[in-house]
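Following: one structure in structure tokens, then a few remarks.
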Amino acid sequence: MNSLCDAIDAVERRRSNLTVYTTDDHVAGELREQFSTVNVDVVHNPVTGLREPGFVVVRGPDGAFRGALGLDQFGAVLSPEIHPPWELRDTGIETEDLFDFLENTLFAAYDRRQMLATTREIEDRAWRVGDGRLYTGFQRKTPFLEQRDVYERLAGRGTLSITVFIDDDWDETVEDVAVVSEPGSELGDFWFVVFDGGNDERQCCALLAEERSEGRYYGFWTYESERVIELIDHLERTYDVP
Amino acid sequence: MDDDLGPVGVLEEADTHLSVDELLRLLSVPATRLTIIYLYDHPDTTADQLAAIIAANDAVSEASMATESEYDRARTHLYHSTLPRLEDHGFLEFDPKAGTVAKRNVPEPIYTFLGVDTDE
């Protein structure tokens, strides 16, 4: 991985398959629409005589079985839109398993509000763990300064180590927060929040998205530790992280 | 699968070497019923595909989620029990090496008994 763009490309190539077993065309069509912006191919496979409402089977990019569940439960978990995995954790369904097949979910056209909500989830998680590295790419100086209080507070929490990345020049000081400023770099195009989970791999998570047009983001979230570490390695290798 | 096995009488019309009791015993296994149902409109399939829908169907019954281990269990059971048995009765042809399953002679009354609407 040589750039943040590479990280998105790698996730993009890993298309999963979601096969919907139901005779209800409407349900199948809805799921297809729901997944149209992510890297999941939705296939409808009606089976005569199967008890309705049917079920879904998820297969990984290699075609291997990853998981299956009833459409009732699947609908409850995904409705009204696809939630980031850490949100699903509170639904009571065997979410650990569900994460497995929704991991590295690619999304398109998130707006700033959706990006902020997901960012908040990761920052909250870092706050709860109180240890580890939190790397946040704000693109530019202004959005970071708007969050200055939040980040000062995070920096004072436990042994959290915070580094912020921006594309603008920087000559200010924010207490306990390291700021990497690299004008004219990829940092201006990518919004990211990467948390290494401290000593707990299960708390790893990251959001990475490219602003492809004004206020529209395209990217993925992941809780897969290897992918999170890859992002951290890239940032530490490429930039002057203290 | 529905627990209600429906009118048993219809099985008497099934042209097989099996008695109604034997058929009932065979069809009492959910994996067997699902295999027969699935083959109705997918006459050429694979054991992997059948294992996936059997694991999924179990998940529906238990309101849970099927993981890879449930899938592996369903697959093993198909290879060692369900498919060879159904092949013995002439309902299907199973190639364990290739993992392919092809529908052969499934008497119509069995479909009626399983609630598959064959008029559609």
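The values are calculated or read from the model by the stated rules, or taken from the named source; none is laboratory data. It should be emphasised that the depicted structure is a prediction, and the values quoted were computed from it without experimental measurement. Cβ placement follows ideal geometry from the backbone for every residue including glycine, while neighbour counts extend to all protein chains displayed. For accessibility, only protein heavy atoms count, side chains too; no ligands or nucleic acids. Shrake-Rupley method; radii C 1.70, N 1.55, O 1.52, S 1.80 Å.
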Selection count where residues are open to solvent by 10 Å² or more (accessible area, probe 1.4 Å), in a strand (DSSP E or B) and more than 22 Å from A:TYR110 (Cα to Cα), scope segment A:176-194 = 4
key: All positions within segment A:147-161 that are in a helix (DSSP H, G or I) and closer than 14 Å to A:THR173 by Cα   = A:ARG148, A:ASP149, A:TYR151, A:GLU152, A:ALA155
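Residues are listed down the side, and each one gets a yes or a no for (1) touching a Gly at 6+ places or on another chain (Cβ under 7 Å); (2) in contact (Cβ under 8 Å) with a residue 60 or more places away in the chain; (3) in a helix (DSSP H, G or I); (4) more than 14 Å from A:ALA7 (Cβ to Cβ):
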site: A:ALA209; (1), (2), (3), (4): yes, yes, no, no
site: A:TYR218; (1), (2), (3), (4): no, yes, no, no
site: A:TRP221; (1), (2), (3), (4): no, yes, no, no
site: A:ARG227; (1), (2), (3), (4): no, yes, yes, no
site: A:GLU230; (1), (2), (3), (4): no, yes, yes, no
site: A:ARG237; (1), (2), (3), (4): no, no, yes, no
ask   = Which one is nearest to B:ILE37 (Cα to Cα) among residues in segment A:24-57 that are open to solvent by 30 Å² or more (accessible area, probe 1.4 Å) and of a type in the set (Ser, Thr, Tyr)?
value = A:SER36
inquiry  = Could you check segment A:7-23 and list, in sequence order, the residues that are touching a residue at least 12 places away in the same chain (Cβ under 8 Å) and open to solvent by 50 Å² or more (accessible area, probe 1.4 Å)?
reply    = A:GLU12, A:ARG13, A:ARG14, A:ARG15, A:THR23
message = When you scan segment B:103-117, do you find a residue that is over 21 Å from A:GLY70 (Cα atoms), without any contact (Cβ under 8 Å) to a residue 60 or more places away in the chain, at the interface with chain A (Cβ under 9 Å from one of its Cβ atoms) and in a loop (DSSP other than H, G, I, E, B), even just one?
response = yes
request  = Please go through segment B:75-102 and pick out each residue that is part of a loop (DSSP other than H, G, I, E, B) and farther than 16 Å from B:LEU27 by Cα.
outcome  = B:PRO96, B:LYS97, B:ALA98, B:GLY99
ask   = Among the helices (runs of 4 or more DSSP H) confined wholly to segment A:1-99, which include 3 or more residues that are over 17 Å from the mean Cα position of the chain (by Cα), modelled with pLDDT of 80 or more and not assigned by TED's automatic domain parsing to the domain that holds A:GLU230?
value = A:25-34
query = Are any residues in segment A:58-73 facing chain B (nearest Cβ under 9 Å) and open to solvent by 50 Å² or more (accessible area, probe 1.4 Å), and if so, which ones?
reply = A:ARG66, A:ASP72
task = Evaluate segment B:41-54: report whether one residue or more is over 30 Å from A:PHE74 (Cα atoms), in contact (Cβ under 8 Å) with a residue 40 or more places away in the chain and either surrounded by fewer than 17 Cβ atoms within 10 Å (Cβ to Cβ) or more than 9 Å from chain A (Cβ to nearest Cβ) (or both).
result = no
inquiry  = within 14 Å of chain A (Cβ to nearest Cβ) and open to solvent by 40 Å² or more (accessible area, probe 1.4 Å): which single residue out of B:GLU12, B:GLU70, B:GLU22 fits that description?
reply    = B:GLU70
inquiry  = Which numbered condition in (1) touching a strand residue (DSSP E or B) at 6+ places or on another chain (Cβ under 9 Å); (2) farther than 30 Å from B:SER19 by Cβ; (3) away from every other protein chain (no Cβ under 13 Å) is the only one that B:PRO84 fails?
reply    = (2)
key: Hits in segment A:24-57 - residues which are at the interface with another protein chain (Cβ under 9 Å from one of its Cβ atoms) and touching a residue at least 12 places away in the same chain (Cβ under 8 Å)   = A:ASN45, A:PRO46, A:VAL47, A:THR48, A:LEU50, A:PRO53, A:GLY54, A:PHE55, A:VAL56, A:VAL57
